[in-house]
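Working notes for the structure below.
Taken together, the values in this text are just the output of simple stated rules run on the coordinates, not laboratory data. Just so it is clear, the model here is predicted, and its values are computed rather than measured. Reconstructed Cβ throughout: ideal geometry from the backbone, glycine too, with neighbour counts over all protein chains shown.
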Amino acid sequence: MNGPAETVIRAETGALCGPGAPSGRGALSEPEPPPRSDGHAEAGAMSASGVPPESKPGGPFEAGVPSGLGPPSRPELPAGSGGAHAELDWDRAVELIRGAREICLACHVVPDGDALGSMLALAQALRACGKRCLASFGEPFGVPAILRFLPGQEMLVEPARMPRAPELMISLDAAGRARLGSLAGAADRAGVLIVIDHHASNTGFGGVRLVDPDAAATAVLVEELIRRLGVPLDRDIAQGLYAGLASDTGSFKYPSTTPEVHDLAGRLLTAGVRPETVSRELWDRAPFDYLQVLAGALARARLERDAAGGRGLVWTAIAREDRRGLPYDQLEGIIDQLRRTDEAEVAVVCKETDDGRWYFSARSKGHIDLSRVCAALDGGGHREMAGFVWGGPVDEALDRLRALLPSDH
């Protein structure tokens, strides 16, 4: 990663985060929440390590996280249980941030556009407040190729360089502590852990929680926090937020796209974001080898019309040798082609990772809750987008998945 390992800026405008900062009332403060939708796309969340964005590495159950301040952690719920409810302790979060000398940020392993975009946006806002800020994510530590356009990456440090017991730590876009990977221990030992997340399967970890399963993206919550800190949006902060918002709404085409989402997008464009740049980086670029791998994957696709209670299942598999040397993190867009199949409610791409495991990326069109299906296979995600890792034969995993799909139409 280019740039200094850590960034300290003593901004003269630090008073923006002081006691006199405006509260920044926004769409999340007063109005009724938008209609519930758990579907979203996690673009770019792949790595040559084979660690998936939608899986929950520790399985469906995790221990609670102790915290030195704030309300005690609640017992964690099984992934995919839909146990999360809105918890928006804005005043406590702002108070803690204003009083902290150093703040450590962590997002989930193998970050997608929402995780990394939200984290880098918040890191830059905290820097504008004069805070010493470190940002990282658990191994494998490498920014996916399609996210390397995001500003603020000079603030990233390798996870080994994060403090063992941070004064204040903020977790972003992680539904459970296990999703923090090697940084879960630092979260356990943090003086205070603030959790910012929008997953319905959030397990309830952390001492101070900014969690809203009705939010279209973690970026929505981060933008509200930045406004409450009194930090104005500049182009670089807005770029990260826009990448998160666009990623988790499928470029504004999923049901999570509400009037409030478009209002936020408009504010980010006003701050200087170029939507064509974000769209090109996230969805409209690929090396030539990708086209050949895509052609092979589509040629091997199989349609099972009777699966899922007659709603249909379409799937394909990509073994290591099928990749023709293409890095694993370039395979994400294949599921978006497969899911277009009219005859199938569920689409699945089985991808063999570099270490020989299989990652199952699943999508539905809204009639089937894939977060529950994949949680039963020690994975997780959202209603319309989820996944899991499988260490055995791919056919065995497909049999398990078929059995878990609803049998009634």
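What to note about this one:
- Only Cα sites of the range 88-146 enter the Debye sum here, all with the same form factor; the resulting log10 I(q)/I(0) across q = 0.25, 0.26 1/Å is -1.05, -1.09, listed in q order.
- Across the range 388-396, rounded Karplus estimates of 3J(HN,Hα) from the backbone phi angles (6.51 cos²θ - 1.76 cosθ + 1.60, θ = phi - 60°) give 7, 10, 10, x, x, x, 5, 5, 5 Hz, Gly and Pro being marked x.
- Computed log₁₀ I(q)/I(0) - Debye formula, equal Cα scatterers, no solvent, the range 120-269, q 0.14, 0.16, 0.20 Å⁻¹: -0.68, -0.91, -1.46
- When only alpha carbons of the range 251-409 are considered, Rg and Dmax amount to 17.0, 50 Å.
- Remark: spin-label model distance Leu88-Gln292 equals 5.1 nm, labels positioned 7 Å along the Cα→Cβ axis.
- Assuming charge only on the beta carbon of Lys and Arg (+1) and of Asp and Glu (-1), the dipole of the range 153-251 about its Cα centre is about 340 debye to the nearest 20.
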